[in-house]
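Read-outs throughout are calculated quantities, based only on the coordinates presented, and are distinct from any laboratory measurement. Nothing here was measured: the structure is a model prediction, and the numbers come from that model. Cβ placement follows ideal geometry from the backbone for every residue including glycine, while neighbour counts extend to all protein chains displayed.
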């Protein structure tokens, strides 16, 4: 690994997604590394041969896999085969290409939704595969588990040190605000920030009782940067941790009910809407908070407070989607 951090070449797969965009912007501010990106029409990450050729030609020192098909309960329930197939292929091709081309540092993005539905709280990494998954996103969860286990198996068999970063529920600029495919926070922002919903009833799927740990995407970007620097600097505490597991949880350690989050967004947008909970729709997992003790011991903690992060995201949404050109 090059000693000068500015000379390190970093390939960010999925650079146009919420996490990829946040990470690229974050490290540009840090003047860290030379970023390698490629658009989907130039490189199909589901094509093994093309991915391997791209990595071989670009010779990155670090790969960050932020790519993948993501969505909320409705999208996962409607397109399970796409969520399974696309995510497995993307991860498999990137991981294989990293190994085939001697890329030492691979950071794979997982998701807290791959933990068992009824896992003990807070969720430790060792709880993975200990019981049944949440049915509403089973296909996506299975695909992400395959990627995580691939990293595990390469580490075991070939002595690599690939790492899967497991974030909690994320929100922020560049999220998916599509009504049918979005997660709950962008769905709520769209409902409350839209002028048509003001002083009217706003429907919330489920009972509003499930609790979620949420974190601004810029905090995750900071955590990824923090972990990368620790790893390439051969930080003893991180290396000792990686001897035990290749997965590290990253979260805010703060959880809120869907109802609380809806009320906060309602207040920030000055919507004054009445919440109507449609109990026909499933709640999904009732509670999901990560055990973040390992990354805290390494010295990292989130910086962005909920109201601050939501306000910034709402302003971004309004500017992007509601401001007339």
As a test of the definition: which semi-axes, in Å, follow for segment 110-193 when you take the square root of five times each eigenvalue of its alpha carbon gyration tensor? Largest first, please. 28, 16, 11
Taking the Cβ of each residue in 74, 239 as the centre, tally the other Cβ atoms inside 10 Å and list the residues starting with the fewest. 239, 74
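If each residue's Cβ is checked for other Cβ atoms within 10 Å, how do 300, 316 rank with the fewest at the top? Let's see the in-between values first.
Values: 300 19, 316 15.
Ranked by crowding around the Cβ, least crowded first: 316, 300.
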Could you line up 203, 255, 48 from fewest to most neighbouring Cβ atoms inside 10 Å? 203, 48, 255
If you average 1/r over every pair of different alpha-carbon atoms in the chain and take one over that average, what Kirkwood value in Å do you get? 20.3
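Starting from the eigenvalues of the Cα gyration tensor, five times each then square-rooted, give me the equivalent ellipsoid semi-axes of segment 16-162, largest first, whole Å.
26, 18, 16
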Between residue 77 and residue 297, what is the spin-label point distance in nm, taking each point 7 Å from the Cα along the Cα→C-beta axis? 4.0
How much of the DSSP beta bridge set in the chain is antiparallel, as a percent to the nearest 5? 10
Just to check, using Stokes-Einstein with a Kirkwood Rh over alpha carbon pairs, what's the diffusion coefficient of segment 93-235 at 37 °C and 0.692 mPa s in µm²/s? 186
Whole number please: convex hull volume per residue, Cα atoms of segment 156-315, in Å³. 130
Note the angle between two axes, namely the Cα long axis of helix 306-317 and the longest principal axis of the Cα atoms of the chain, as a number of degrees from 0 to 90, rounded to the nearest 10. 90
What fraction of the DSSP beta bridges in segment 198-325 is antiparallel, stated in percent and rounded to the nearest 5? 30
What number do you get for segment 223-286 when its Cα radius of gyration is normalised by 2.2 N^0.38 Å, N = residues? 1.86
Using only DSSP helix segments of four residues or longer, with each worth -39500 (n - 2.57), what per-residue ellipticity at 222 nm results for the chain after dividing by its residue count and rounding to 500? -12500 deg cm²/dmol
Within segment 69-111, whose backbone N sits under 14 Å from a point 7 Å along Cα→Cβ of residue 7? none
Roughly how tilted is helix 138-158, in degrees to the nearest 10 and between 0 and 90, from the longest Cα axis of the chain? 20
Rounded to the nearest 10 degrees, what's the angle between the helix 18-29 long axis and the longest principal axis of the chain, both from Cα atoms, 0 to 90? 60
Multiply the residue separation of residue 260 and residue 240 by 0.36 nm, subtract the distance between their alpha-carbon atoms, and state the gained length in nm to one decimal. 3.3 nm
What is the Cα centroid distance between segment 145-201 and segment 5-32, reported in whole angstrom? 18
